[in-house]
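Enquirer: Shown below is the structure under consideration.
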Amino acid sequence: MENASDDTIRTILTETKVIALVGFSPNPARPSHYVARFLVGRGYRVIPVNPGLAGQIFEGESIRASLKDCPPEVEMVDIFRRSDLVGPVVDAAIAYLPNLRTIWMQIGVHHPAAADRACAQGLRVVWDKCPKVELPRLLG
């Protein structure tokens, strides 16, 4: 299975409006934090997911404990977790997010079996890339 093409990534970033960001950190120096802030600044609704921070607020959104707690409008799950922890995240996304269209694994993250499961459900899959890098590169 090949990674998503530039055309596919451009389509994802153009069509997606609501993103669940799994592995959100409250630390502004952490990539998950500044990527979330960047995406909010670009007009996306970002739903942070971190069980240890559930109920706190980031950029006007309540931080959720799990994907099961996210609103059904979520279209993309952006995963900031180690590769070996991706499988259950993808399975939960498939199980609980009826409008899900994309699984996005951050730079350095790839789980081929989970990617295959997502593709088998008709989802688009991106791995080892960051929307904060791809947005300016592909959309200016």
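Enquirer: Tell me which residues, restricted to region 103-124, are crowded, with 19+ Cβ neighbours inside 10 Å and touching an Asp or Glu at 6+ places or on another chain (Cβ under 8 Å).
Expert: 104, 105, 106, 109, 111, 114
Enquirer: OK, next. Given the conditions (1) surrounded by 13 or more Cβ atoms within 10 Å (Cβ to Cβ); (2) touching a Ser or Thr at 6+ places or on another chain (Cβ under 7 Å); (3) of a type outside the set (Asp, Glu); (4) not in a helix (DSSP H, G or I), which single one is not true for residue 100?
Expert: Here residue 100 clears every test but (2).
Enquirer: Can you name the condition, by its number, that residue 10 falls short on among (1) farther than 26 Å from residue 87 by Cβ; (2) touching a strand residue (DSSP E or B) at 6+ places or on another chain (Cβ under 8 Å)?
Expert: Of everything listed in (1) farther than 26 Å from residue 87 by Cβ; (2) touching a strand residue (DSSP E or B) at 6+ places or on another chain (Cβ under 8 Å), residue 10 misses just condition (2).
Enquirer: Moving on to the next point. How many of the residues in region 97-119 are in contact with a Gly (Cβ under 8 Å, 6 or more places away or on another chain) and either at pLDDT below 95 or of a type in the set (Phe, Trp, Tyr) (or both)?
Expert: 0
Enquirer: Considering every residue within region 81-88, establish whether at least one is surrounded by fewer than 21 Cβ atoms within 10 Å (Cβ to Cβ), under 13 Å from the mean Cα position of the chain (by Cα), at pLDDT 95 or above and over 23 Å from residue 1 (Cβ atoms).
Expert: At the first step, the residues of region 81-88 found to be surrounded by fewer than 21 Cβ atoms within 10 Å (Cβ to Cβ) are 81-85, 87-88.
If we keep only those that are under 13 Å from the mean Cα position of the chain (by Cα) as well, we get 81.
Now drop any that are not at pLDDT 95 or above, which leaves 81.
Add one more test, that the residue is over 23 Å from residue 1 (Cβ atoms), and what stays is none.
Within region 81-88, not a single residue is surrounded by fewer than 21 Cβ atoms within 10 Å (Cβ to Cβ), under 13 Å from the mean Cα position of the chain (by Cα), at pLDDT 95 or above and over 23 Å from residue 1 (Cβ atoms).
Enquirer: If you take the residues of region 36-62 that are in contact (Cβ under 8 Å) with a residue 60 or more places away in the chain and not in a loop (DSSP other than H, G, I, E, B), which of them is nearest to residue 89 (Cα to Cα)?
Expert: By that ranking, first place goes to 39.
Enquirer: Test residue 31 against the criterion of being touching a Leu at 6+ places or on another chain (Cβ under 9 Å) and not hydrophobic (A, V, I, L, M, F, W, C), and give yes or no.
Expert: no
To keep it simple, each residue is scored yes or no on (1) surrounded by 14 or more Cβ atoms within 10 Å (Cβ to Cβ); (2) among the small types (Gly, Ala, Ser); (3) at pLDDT below 95.
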site	(1), (2), (3)
4	yes, yes, no
8	yes, no, no
20	yes, yes, no
27	no, no, no
33	yes, no, no
36	yes, yes, no
47	yes, no, no
50	yes, no, no
53	yes, no, no
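The values are calculated or read from the model by the stated rules, or taken from the named source; none is laboratory data. What you see is a predicted model, and the numbers here were worked out from it, not measured in a lab. For neighbour counting, all protein chains shown are included, and Cβ atoms are generated from backbone atoms with ideal geometry for every residue, glycine included.
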